[in-house]
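Values in this text are rule-based calculations from the coordinates and carry no lab data. Fair warning: this is a prediction, and the values are worked out from it, not measured in the lab. Cβ: placed from backbone, ideal geometry, glycine included. Neighbour counts: every protein chain shown.
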Amino acid sequence: MQSEVAFLAYYPEKKRSDNNSFEGNYNIGANVIMDVLGRKGVKCDICTPDTAQKYKVILVSMTSEYDCLALYRAVALLPSWQPGRRFKVVAGGAGMQNPVTVRNYIDYAVFGRGENIICPLIDCIADAKQFEHESVMNLPEISSVNFCQASELYLHDIDLGRGRGRRQWKESFVGCPNRCLFCHYTWARKKIGDGTYYQGDLTMNRSIECLWKDIPKIEKKEGRIRTAIDGFSERLRFAYGKKISNQEIIDGINHIGSFPGITVVLAYNISNMPSETQTDRDELYKTVKKAKPKNRVIVVFQSTPFRPSLLTPLQWAPVTLYPATSDLSARVIYDSDSLRVMHSFSNESPWSQLETVIVSRATTETDKLFHALCFHPKLKKGTVWEKVKLLQCSFDLSPYLREYEADEKHPAWFLSSYTANVKLRKAYDISRQRMTDAFPTIKIERAK
Ligand code: SF4
């Protein structure tokens, strides 16, 4: 018998997998929701945008801001998805932060943990009633919501990656106590459980994931170490809460190089931080050259351009598109017999940065711009620089790029979480004062 509930498979913006069908990928949140429903005897099918109308409830997993673009492109032109449609759409996940751009294609937006919300919500839809909850926004109206926190760790084992690379997953912790000022995860998710980031990597064998500060705790040769520095210079890292000194970077590389064989370190970094200059970038390049590991270490920096993540102290900060982080891709920083340091092959471009910042700072004024972003033929081709310029010629981009003052309405005014918004703003003001250089005024300039 066909189920009345289905998860929507739609094509993701970034080609991480063939589609969001949840077969063969590690979408933990969607798998947890399917597990919750399965335990209540609710069978959950997988549908496509075209087959959605066969169901009463369509579930949409939003893994990042990119999924707002992907969802809009997948459904916005379909007659069966227009307001007044035959089915109800429930969307949630880590990417459910600002639903304004997709508000006409979702009925219920769930913010934060959804495992205790999903069953009563579906029951309500079955009874043709309106569901009300402080963590659920009844769209298309934009109203205040409070992120739902986990009351406990998810109790059950989850079988991820159905069919391909089968893997059991068990939740060991939520949230992080470190309070980096740019990190949505720490400010919007209350810490539960004793687990830490020092753990086996979920998707790779012979690989671990750990904080840079925990590298000295590594006791044996690892194939690959996934970690983060999140800032080119000590000044930036300390100002934004990632307190890793230059000496700790040198010591970390030397420690990894104390084990025989070749070890690869994938270190996530954030580029174009507010007030970042070339001097900050050069500081990292000079620092890594001082490391002298005994055995070969290959360090790859994956730099992601800064976005002012919602519900963080830096949500008010300005955005800088240039110099383009993508121009650093594949550049070798240092090469010797025992140490090779380079930029990753796939750093994001100013275009990707701009697309997602538009989603997270969208207001109802954004509709025309967003529609063009998703469908305008001229924005499907051309270089990154040409597309940014084209968009800038037709629309005012300053609401998405500028700094916001404490006394003005932030585009995501409707969000709140377990950390009070006034506390977030206070942390922003303190970090702002720490920066001796004034934040740059918004310019869209290509590096010379
Ligand atoms: S960025 Fe900072 S706060 Fe966020 S998860 Fe990593 S260590 Fe924790």
Report the gain in length on full extension from Leu390 to Thr48: 0.36 nm times residue separation, minus Cα-Cα distance, nm rounded to one decimal. 119.9 nm
How much FRET efficiency would the formula 1/(1 + (r/R0)^6) give for Phe375 and Glu152, where r is the Cβ-Cβ distance and R0 is 51 Å, rounded to 0.05? 0.70
Out of Gly223, Gln149, Pro308, whose Cα points farthest toward the positive end of the dipole of the chain (charges: +1 Lys, Arg; -1 Asp, Glu; placed on Cβ)? Gly223
Across bins of 5 angstrom width beginning at 0, how are the C-alpha pair distances of region 5-146 distributed, in whole percent? 2, 10, 22, 26, 23, 14, 3, 0
If each residue of separation counts as 0.36 nm, what is the full-extension length gain between Lys221 and Asn421 once their alpha-carbon separation is subtracted? 67.7 nm
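Quick check on the chain: of the DSSP beta bridges with both residues there, what percent are antiparallel, nearest 5%? If you can, show how the numbers build up before the last one.
On the way: 12 of 51 bridges.
Given both bridge residues lie in the chain, the antiparallel proportion sits at roughly 25 percent.
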Quickly work out the Tyr268-to-Asp123 label distance, labels modelled 7 Å from Cα along the C-beta direction, and quote it in nm with one decimal. 3.7 nm
Students often forget the sequence filter, so: which aspartates and glutamates lie under 19 Å Cα-Cα from Lys409 once same-chain residues fewer than 8 apart are removed? Glu141, Glu365, Asp367, Asp396, Asp429
Pull up the cross-link candidates among the aspartates and glutamates for Lys170, meaning alpha carbon to alpha carbon under 12 Å and not fewer than 8 places away within one chain. Asp157, Asp159
What number of lysine-lysine pairs in region 5-146 show an alpha-carbon separation below 13 angstrom, given a sequence spacing of 8 or more or placement on distinct chains? 4
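With +1 on the Cβ of every Lys and Arg and -1 on the Cβ of every Asp and Glu, and nothing else charged, how large is the dipole of the chain about its Cα centre, in debye rounded to the nearest 20?
960 debye
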For region 302-411, state what percent of all Cα-Cα pairs lands in each successive 5 Å bin, counting from 0 Å until the bin that includes the largest distance. 2, 11, 19, 19, 17, 13, 8, 5, 3, 2, 1, 0
Roughly speaking, what is the stretch gain from Glu134 to Asn295, that is 0.36 nm per residue apart minus the C-alpha to C-alpha distance, in nm to one decimal? 52.5 nm
Measure of size requested: the Rg and Dmax of region 172-434, with Cα atoms as the atom set and Å as the unit; please supply both. 19.7, 58
As a quick test, which of the pairs Lys242/Lys289; Lys368/Lys389; Lys286/Lys387; Lys242/Lys286 have an alpha carbon distance above 23 angstrom in this structure? Lys286/Lys387
List, largest first, the extents of the alpha carbons of the chain along their principal axes, each in whole Å. 66, 49, 42
